[in-house]
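First comes the structure, then the notes that go with it.
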Amino acid sequence: MKIIWQLFGIHISLTLIILLLFLAWLFWPRKYPLIRKGLLMSSGLVLLGSVLLALYTYWPTEYEKQYLSKTLSPELTAIPLKQLADSIDFHIGVAVSPDPTFHKDILQEFNSVVAENHFKPGKLLVDAANWTFDFSKADKLMTFAEENDLRMRGHTLIWGKFPGMTFPKQWIEVINTASDPKKTMEGLIKRYIETAMGHYKGRISSWDVVNEPMAGEALYPSIFTQSMGEEYIDFAFKIAQEVDPDCSLFLNEQIIDYDGPSGKAFLALLARLLERGVPIHGVGLQSHHINRIHDTEALKKYIRTIGEMGLKVEITELDMRLLLFGDEQDPYQAQGDQFKKIVEVCLDDPACTGVTLWGLTDGANWMDGVPPFKWKSPNSPNILDEDMRKKPAYVGIWEALKGAQNH
Ligand code: XIL
């Protein structure tokens with residue numbers, strides 16, 4: 001059944017062609033039997049091709065879990081990630097949801113957390129027309145973090161990508177009908193940051209003030225750029241600093257080609273912000289591996305460049321689709337090797353102060369819930385498998401942290 005839906009969702013154009021051919025056959029004058037036969041046959045052929053393509057593209061693959069036959073060293077089983085990270089003053093974190101059974105692994109393995117969704121504007125500002133906030137779920141996470149001595153990263157204040165989730169949909173209308181859109185937008189940003197960030201003043205030591213400002217080489221076009229141009233970023237950081245002067249203020253972005261045009265465009269944006277005296281302290285490199293495996297050499301240079309600009313770096317949303325490693329003899333191991341390399345690259349540079357994983361177990365991972373990633377499995381992007389067993393990805397991170405002990 002699933003496959004049928006995918007067929008119609010993704011292969012919509014093929015489906016339309018099939019329908020058109022079929023309709024043409026249906027209504028074609030009967031005195032041309034050969035043409036009608038051709039139409040019917042073409043329709044059938046496209047249908048067959050479409051089904052085969054869907055099966056080929058979306059049929060889930062299973063990779064052998066070769067790691068299950070390997071025994072983990074007693075040292076690895078005895079020393080959790082958190083212990084290694086604590087000893088070198090490094091943040092190792094994970095994204096969590098509001099009603100976690102707060103698995104013991106989170107407390108054991110991490111010294112930092114971030115709310116996967118519940119600090120986002122769409123969750124906090126529940127009634128934009130009346131400026132009604134609901135902090136109950138976010139507060140629950142905050143208290144959990146404080147009670148367990150976990151650092152909480154704030155994610156995120158201003159984000160212009162998905163109306164409803166990243167900012168209230170009503171704001172579109174507000175901006176479109178404003179006599180002075182710039183002033184109006186400044187008012188919205190100010191009020192939002194004052195309320196959301198102000199609520200946690202002194203309790204959250206670093207916030208993603210602006211998330212995903214880029215679309216390739218340009219700024220992502222949104223109501224923010226529409227009303228204020230690039231200056232919306234400056235303004236958001238300025239307000240954030242006024243609200244909590246002790247907080248580290250981050251610009252968070254998903255960069256896929258560190259040495260390519262979009263990577264360079266982001267560096268140019270950073271340079272402009274610094275030039276204008278914007279109070280930015282750090283850069284979050286999300287590091288989702290969704291469509292490609294990131295080049296770790298390029299990442300290394302990228303982190304160095306950002307460090308040389310006087311900014312901190314954190315890897316903020318690390319995860320990797322397993323199928324990217326599907327051509328390897330042992331995809332799980334290859335995924336683990338890449339986790340290890342990314343963490344090593346961060347540990348190697350003093351500017352890079354932490355790594356946050358976007359999820360803990362493959363059994364609950366965001367990619368399985370979000371199109372188009374959910375259509376092509378296995379995503380299995382996390383460090384523990386569905387049965388909470390340690391994958392090579394866990395081992396990779398552990399080894400990277402262990403290796404950093406002697407530096
Ligand atoms: C994702 C969450 O993991 C999903 O649960 C939600 O449906 C969509 O957002 N970049 C970000 C994160 O900055 O906030 C996104 O989180 C993943 C991409």
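Observations
- Subset of segment 76-89 (residues that are assigned to a helix (DSSP H, G or I) and touching a helix residue (DSSP H, G or I) at 6+ places or on another chain (Cβ under 8 Å)): LEU76, LEU81, LYS82, LEU84, ALA85, SER87
- Restricting segment 95-105 to residues that are within 16 Å of the ligand (Cβ to nearest atom) and closer than 15 Å to GLU146 by Cα leaves a set whose member that is modelled with the highest pLDDT is VAL96.
- Consider segment 148-168 and keep the residues that are in contact with a Gly (Cβ under 9 Å, 6 or more places away or on another chain) and part of a loop (DSSP other than H, G, I, E, B). The one that is farthest from the ligand (Cβ to nearest atom) is LEU150.
- Selected residue (only one of LEU285, LEU270 is more than 16 Å from the ligand (Cβ to nearest atom), within 29 Å of ARG203 (Cα to Cα) and under 21 Å from the mean Cα position of the chain (by Cα)): LEU270
- When LYS120, LYS82, LYS70 are checked against the criterion of being under 28 Å from TYR394 (Cβ atoms), within 16 Å of the ligand (Cβ to nearest atom), of a type in the set (Lys, Arg) and without any contact (Cβ under 8 Å) to a residue 60 or more places away in the chain, LYS120 stands alone in meeting it.
- Positions within segment 348-392 being in a helix (DSSP H, G or I), away from the ligand (no atom under 16 Å from the Cβ) and buried (at least 22 other Cβ atoms within 10 Å of the Cβ), in sequence order: PRO392
- Candidates ALA129, ALA145, ALA196: the one that is part of a helix (DSSP H, G or I), surrounded by 17 or more Cβ atoms within 10 Å (Cβ to Cβ), more than 19 Å from the chain's Cα centre (by Cα) and more than 16 Å from the ligand (Cβ to nearest atom) is ALA145.
- Selection status of MET228, in contact with a strand residue (DSSP E or B) (Cβ under 9 Å, 6 or more places away or on another chain) and closer than 21 Å to LYS161 by Cα: no
- Residues in segment 239-265 that are surrounded by fewer than 21 Cβ atoms within 10 Å (Cβ to Cβ), out of contact with any helix residue (DSSP H, G or I) (no Cβ under 9 Å at 6 or more places or on another chain) and hydrophobic (A, V, I, L, M, F, W, C): ALA265 only.
- Taken as a whole, segment 176-183 holds no residue that is surrounded by 18 or more Cβ atoms within 10 Å (Cβ to Cβ) and at pLDDT 95 or above.
- ILE397 farther than 21 Å from HIS155 by Cα, β-branched (Val, Ile, Thr), under 18 Å from the mean Cα position of the chain (by Cα) and more than 16 Å from the ligand (Cβ to nearest atom): no
- Within segment 206-219, considering residues that are assigned to a loop (DSSP other than H, G, I, E, B) and surrounded by 15 or more Cβ atoms within 10 Å (Cβ to Cβ), the one nearest to the ligand (Cβ to nearest atom): GLU212
- Qualifying positions in segment 161-208 - closer than 23 Å to THR143 by Cβ, out of contact with any Ser or Thr (no Cβ under 7 Å at 6 or more places or on another chain) and not aromatic (Phe, Trp, Tyr): ILE193, GLU194, THR195, ALA196, MET197, GLY198, HIS199, LYS201, GLY202, ARG203, ILE204
- Any pair with Cβ under 6 angstrom, 6 or more apart, that starts in segment 244-261 at a residue that is under 13 Å from THR156 (Cα atoms) and ends at one that is within 16 Å of the ligand (Cβ to nearest atom) and part of a loop (DSSP other than H, G, I, E, B): GLU253/GLU212
The values are calculated or read from the model by the stated rules, or taken from the named source; none is laboratory data. Computed from a predicted structure; not experimentally measured. Counting neighbours? That spans all protein chains shown, and the Cβs are built from the backbone with ideal geometry, glycine included.
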